[in-house]
Structures are given as C-alpha cells and as structure tokens.
Amino acid sequence: QVQLVESGGGLVLPGGSVRLSCAASRRSFSSNAMGWFRHAPGKEREFVAAIDYSGSTMYADSIKGRFTISRDNTKNMVYLQMNSLKPEDTAVYYCAARLGVLIMTSSSGYNYWGQGTQVTVSS
C-alpha cells in the first residue's frame with residue numbers, strides 16, 4: 001500500500017509563508033514525477049506545481065514566483081514552500097505521485113494522493 005502524508009498546513013497571515021511537506025512511503029517514488037494540487041471551497045481542484053526526478057519543475061501561473069516545489073529523494077520527501085501568501089491561496093493542498101516520470105498538470109495523470117492539509121490565509 002502506497003501512502004502519501006502531507007503536513008505543514010495551518011493558519012497564516014496574508015503575506016506570510018508556510019512550507020508543506022509530503023512523505024512518500026515507498027522509496028521507488030524517487031524516479032517518479034510528484035505534484036501538488038489544491039482544492040478551495042466552491043472551486044475545482046487545480047494544479048499548483050510539479051517536479052520530476054531530476055528536479056525540473058512546472059508551476060501554475062497563479063503561484064509562479066511565490067511558491068517553490070522541491071524534493072529530497074534520499075528522504076522520500078517533496079516540499080512546497082509558499083511565500084507571499086494571499087487569501088485566495090486558502091485551500092486544502094494535496095500531494096500526488098505519478099507512476100510515470102514526466103510532469104503532468106492534470107490530476108488524472110496522478111495515481112496516488114495524500115489526505116490533504118488545510119492552508120488558511122487570513123488576518
């Protein structure tokens with residue numbers, strides 16, 4: 001059974017920062033693309049960022065320049081550093097893993113999902 005476990009969410013002030021972590025239970029994910037998605041109330045789940053095994057990244061336009069995705073394959077970890085947070089960034093953030101190696105922005109391309117972690121940006 002593959003498990004992805006997110007952590008690091010919480011209540012953040014506008015303009016603040018938070019780092020989300022995703023722990024993968026299987027070492028074999030070090031060669032797979034990983035992604036972060038988010039789901040806000042009343043909206044569709046949307047792509048946030050993705051990273052492949054070599055460290056190549058892709059970002060949604062709405063967060064480009066503010067968020068950074070990274071991974072540590074030695075620890076089976078993926079991170080999402082979120083800076084300059086805005087109220088519209090409020091959502092449940094999900095970590096996802098692909099069985100493939102290429103980055104994808106569609107959620108249908110991901111095979112495994114974490115349970116999500118809530119990020120609330122509010123004063």
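The values are calculated or read from the model by the stated rules, or taken from the named source; none is laboratory data. As the structure is a computational prediction, the values presented were derived from the model and not from experiment. Positions of Cβ are backbone-derived with ideal geometry, glycine not excepted, and every protein chain shown enters the neighbour counts. The protein model used for the area step is the full one, side chains on, heavy atoms only, and it has no ligands, DNA or RNA in it. Shrake-Rupley method; radii C 1.70, N 1.55, O 1.52, S 1.80 Å.
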Quick check: net charge around residue 40, other residues with Cβ under 13 Å of its Cβ, Lys/Arg +1 and Asp/Glu -1? 0
How much accessible area does residue 88 have with a 1.4 Å probe, in Å² rounded to the nearest 10? 110 Å²
Could you calculate the contour length gain from residue 77 to residue 17, that is, 0.36 nm times the residue separation minus the distance between their Cα atoms, to one decimal place in nm? 19.7 nm
Can you compute the modelled spin-label distance between residue 3 and residue 84, with each label point 7 Å from Cα toward Cβ, in nm? 3.7 nm
Taking the Cα atoms of segment 32-96 alone, what are Rg (to one decimal) and Dmax (as a whole number) in Å? 11.8, 38
Working with all protein chains in place, sort 57, 74 by solvent-accessible area computed with a 1.4 Å probe, largest first. 74, 57
What fraction of the Cα pairs in the chain, stated in percent, has a spacing above 26 angstrom? 13 percent
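Using a probe of 1.4 angstrom, how much of the accessible area of segment 40-83 is carbon and sulfur, in percent?
Numbers: 1140 of 2410 Å².
Within segment 40-83, the accessible surface is 47 percent carbon and sulfur.
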Within the chain, longest stretch clear of exposed trypsin sites (Lys or Arg not before Pro) (DSSP loop, no more than 11 other Cβ within 10 Å): 65-123
With every protein chain present, what is the per residue accessible area of the chain (1.4 Å probe, Å²)? 50 Å²
